[in-house]
């Protein structure tokens with residue numbers, strides 16, 4: 001009996017002026033041992049040498065473009081509009097896959113569990129030099145937990161079925177920070193998402209110019225939008241945490257000044 005064909009996995013990298021990290025990202029995708037990957041890079045018109053890095057590997061990249069866009073969300077949407085895969089993922093231009101088997105493990109799990117819409121795993125925090133500095137608090141979640149702000153999905157490790165992108169996508173362009181969270185809530189509302197503990201699939205790079213560092217407040221406000229849009233209540237963990245931060249943060253700064 002002929003074995004089933006391996007599903008095509010489309011991976012998008014949105015990029016803009018991240019030449020310091022981009023090559024490591026590209027190498028981590030091209031170094032995967034899964035044989036059926038479509039790799040697409042959407043660059044926003046970088047001027048820092050990123051395009052030279054992309055051209056260095058263009059013979060192994062399915063598609064790429066470098067042109068002005070409206071930011072990361074727009075770039076990801078443009079990438080998925082080109083994608084032909086049965087399974088989709090995106091890996092930002094400063095993050096990397098942790099080891100060569102990450103994509104294959106995700107694809108195999110989705111092949112064996114047709115009811116699951118999205119799968120994710122563990123993730124390390126790394127610094128500018130690629131050294132591990134911590135661990136993302138990945139845990140099993142579901143629609144209700146996500147709605148209430150329990151976000152334990154490292155975006156770098158997620159793989160989801162293209163079927164749900166076609167039905168529920170694209171990413172909402174009004175989100176700058178929480179567009180992935182918004183997508184997870186939409187997907188989890190329709191089908192299970194599954195966490196695979198004990199498997200580290202990606203590295204989440206923390207550096208001085210990363211969005212995680214410079215736009216934390218905007219992210220919280222966008223998450224609240226998702227919470228209330230889906231019928232969330234005022235007395236929910238995400239709401240409580242947000243207002244505690246708003247109240248305690250200024251008090252703590254005042255205490256330090258005193």
Quiz item: Checking residue 186 against (1) in contact (Cβ under 8 Å) with a residue 60 or more places away in the chain; (2) crowded, with 17+ Cβ neighbours inside 10 Å, which test does it fail?
Solution: (1)
Practice problem: Inspect segment 234-252 for any residue being at pLDDT 75 or above, surrounded by 15 or more Cβ atoms within 10 Å (Cβ to Cβ) and farther than 18 Å from residue 73 by Cα and give the result as yes or no. | Solution: no
Quiz prompt | Breaking point among (1) in contact (Cβ under 8 Å) with a residue 24 or more places away in the chain; (2) over 27 Å from residue 163 (Cβ atoms); (3) in contact with a helix residue (DSSP H, G or I) (Cβ under 8 Å, 6 or more places away or on another chain); (4) crowded, with 18+ Cβ neighbours inside 10 Å, for residue 48 | solution = (4)
Exercise. Run down 85, 79 and say which single residue is assigned to a helix (DSSP H, G or I), modelled with pLDDT of 95 or more and touching a strand residue (DSSP E or B) at 6+ places or on another chain (Cβ under 7 Å).
Key: 79
Practice problem: Would you be able to say whether some residue in segment 204-215 is on the phi < 0 side of the Ramachandran plot, at pLDDT 95 or above and either in contact with a strand residue (DSSP E or B) (Cβ under 6 Å, 6 or more places away or on another chain) or assigned to a helix (DSSP H, G or I) (or both)? | Solution: yes
Practice problem: Take the residues in segment 12-33 that are in contact with a helix residue (DSSP H, G or I) (Cβ under 7 Å, 6 or more places away or on another chain) and in a loop (DSSP other than H, G, I, E, B), then tell me which one is nearest to residue 156 (Cα to Cα). | Solution: 32
Quiz item: For residue 7, all conditions in the list (1) within 18 Å of the chain's Cα centre (by Cα); (2) in contact (Cβ under 8 Å) with a residue 60 or more places away in the chain; (3) at negative phi hold save one; what is the number of the exception?
Solution: (1)
Quiz item: If you take the residues of segment 51-61 that are in contact with a strand residue (DSSP E or B) (Cβ under 7 Å, 6 or more places away or on another chain) and over 19 Å from residue 88 (Cα atoms), which of them is surrounded by the fewest Cβ atoms within 10 Å (Cβ to Cβ)?
Solution: 58
Exercise. State yes or no: is residue 81 crowded, with 21+ Cβ neighbours inside 10 Å and under 20 Å from residue 183 (Cβ atoms)?
Key: no
Quiz item: Looking at (1) under 21 Å from residue 202 (Cα atoms); (2) crowded, with 16+ Cβ neighbours inside 10 Å; (3) out of contact with any strand residue (DSSP E or B) (no Cβ under 6 Å at 6 or more places or on another chain), which is the only condition residue 29 fails?
Solution: (3)
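Yes or no, residue by residue, for (1) touching a helix residue (DSSP H, G or I) at 6+ places or on another chain (Cβ under 8 Å); (2) within 23 Å of residue 182 (Cα to Cα); (3) surrounded by fewer than 23 Cβ atoms within 10 Å (Cβ to Cβ):
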site: 35; (1), (2), (3): no, no, yes
site: 63; (1), (2), (3): yes, no, yes
site: 67; (1), (2), (3): no, no, yes
site: 71; (1), (2), (3): no, yes, yes
site: 102; (1), (2), (3): yes, no, no
site: 109; (1), (2), (3): no, no, yes
site: 119; (1), (2), (3): yes, yes, no
site: 122; (1), (2), (3): yes, yes, yes
site: 134; (1), (2), (3): no, no, yes
Quiz item: Based on what the data block shows, is residue 71 on the phi > 0 side of the Ramachandran plot and modelled with pLDDT under 95?
Solution: yes
Exercise. Scan segment 130-147 for residues that are in contact (Cβ under 8 Å) with a residue 12 or more places away in the chain, closer than 23 Å to residue 24 by Cα and assigned to a loop (DSSP other than H, G, I, E, B) and report the count.
Key: 2
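The values are calculated or read from the model by the stated rules, or taken from the named source; none is laboratory data. No experiment lies behind these values; they were computed from the predicted model shown. Here Cβ is always computed from backbone atoms with ideal geometry, including for glycine, and neighbour counts include all displayed protein chains.
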